[in-house]
């Protein structure tokens, strides 16, 4: 049974020594933390631990004295229960605390630590200095735009109309069978999903990433470890009968892969590319993207996960590598996109730094005149040791010290959302859809037509 620490990412010593920095980080991430209660519990916890350990040490000395007293008795006296008990009682008199006091102290220490741990779970990570301070998505910074937005000499259709006309997605029967936001991918759309998944998978395996097919049903500790809990509980499907959960991304099981393990620095970084089916309740998206397959409860995804040494400069370089991998896939697919550096208020609690990649979708509602808009297709996060402290993933450094690893993750490709961009950008005047050249060998044709 894996024992998982429910402490937050930040070492309490770091919090005490950098309190204002931590307070500012929480404020900029729009999170409230009861700092006074946290520090008060920490002080009480440390006092109790010191007292408990001293009492345990004293009791250990008494136990040694008991053993020594019995050993000093002659064989005949050891056999005499009365003489043996007298020797034990004399040794026990050295223990200055009444019987049961240690247990009461241990119980109080345990209860205090539980309260302390619950408050530590509310402390968000401290963002990197390069992260812009902002309140919400409107304060994200556009880093770059890549690719030419297609110009049509006809009114482009959205993916819903294209899917219906070419019999690619059955929304009605999906809703009948699976409820709101359910769907059936059909015909070339089903082939296209397998093609784009396999293309991305192969590409990353060729770059040295270890291929995995990850479980979607996970234990609760994985969600606490990845910091989706306690903040995102409403977004997670809970299988109450088995007390298990449906993961919303392969980041959850794959980051937990090394939970409670000690790695070696010489073996780092560990790079994974993982396929999984993903499940999200989308509880916080009421009224958003209610049509089509942009926002759904079940989807498939290829996720990149890296476990790295605790060197920020190295991790930031790996963060850029993950971004470059996703960009390369979009460039191979011939899809225009932009990269956003997320601000503090829109980056999430565990992230040190985060990029979002948004791909151009001609059928999305436009912010101004005309048609089309960008829609998020990839999310790229550097977590520092936030997750590894919770999951107790450590490594033995070259200098012999023990450190917590850094973790990073990034969406390589997610479907059916990426299908929206492909269908809408590659549509033709006659209603057909060209298939991106790199996917044609996998789909088995060059275009989709009725």
For this session: Would you mind finding the one in 139, 167, 158 that is within 24 Å of the chain's Cα centre (by Cα) and more than 30 Å from residue 50 (Cα to Cα)?
Result: 139
For this session: For residue 303, indicate whether it is part of a strand (DSSP E or B) and at pLDDT 95 or above.
Result: yes
Problem set entry | Test set (1) touching a helix residue (DSSP H, G or I) at 6+ places or on another chain (Cβ under 8 Å); (2) modelled with pLDDT of 95 or more; (3) more than 30 Å from residue 224 (Cβ to Cβ) - residue 101 fails condition number | (2)
Seminar exercise, completed: Filtering region 299-341 for residues that are touching a helix residue (DSSP H, G or I) at 6+ places or on another chain (Cβ under 6 Å) and over 23 Å from residue 194 (Cβ atoms) leaves a count of 3
Exercise. Inside region 224-251, can you point out the residues that are modelled with pLDDT of 95 or more, more than 14 Å from residue 386 (Cβ to Cβ) and under 12 Å from the mean Cα position of the chain (by Cα)?
Worked result: 247, 248, 249, 250
For this session: Starting from residues that are touching a residue at least 60 places away in the same chain (Cβ under 8 Å) and part of a helix (DSSP H, G or I), keep the ones in region 223-245 and report whichever is farthest from residue 256 (Cα to Cα).
Result: 224
Seminar exercise, completed: If you go through 196, 146, 141, 131, the only one that is out of contact with any helix residue (DSSP H, G or I) (no Cβ under 8 Å at 6 or more places or on another chain) and outside the structural domain of residue 51 (by TED's automatic domain parsing) is 141
Exercise. In region 286-294, is there at least one residue being surrounded by fewer than 17 Cβ atoms within 10 Å (Cβ to Cβ) and either assigned to a helix (DSSP H, G or I) or touching a helix residue (DSSP H, G or I) at 6+ places or on another chain (Cβ under 7 Å) (or both)?
Worked result: yes
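Is at least one residue of region 374-385 outside any helix (DSSP H, G or I), at positive phi and buried (at least 22 other Cβ atoms within 10 Å of the Cβ)?
For region 374-385, residues outside any helix (DSSP H, G or I), at positive phi and buried (at least 22 other Cβ atoms within 10 Å of the Cβ): present.
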Exercise. Quick one: residue 165 ticks every box in (1) at pLDDT below 95; (2) farther than 16 Å from residue 356 by Cβ bar one, so which box is it?
Worked result: (1)
Exercise. Using beta carbons and a limit of 7 Å, which pairs, at least six apart or on different chains, have the first residue in region 1-22 and on the phi < 0 side of the Ramachandran plot and the second one surrounded by 18 or more Cβ atoms within 10 Å (Cβ to Cβ) and at pLDDT below 80?
Worked result: 22/10
Exercise. Do we have any residue at all in region 419-437 that's under 22 Å from residue 128 (Cα atoms) and surrounded by 21 or more Cβ atoms within 10 Å (Cβ to Cβ)?
Worked result: no
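The values are calculated or read from the model by the stated rules, or taken from the named source; none is laboratory data. A quick note: this is a predicted structure, and the numbers were derived from the prediction, not measured. Don't worry about glycine lacking a Cβ; one is built from the backbone with ideal geometry, like all the others, and counts go over all protein chains shown.
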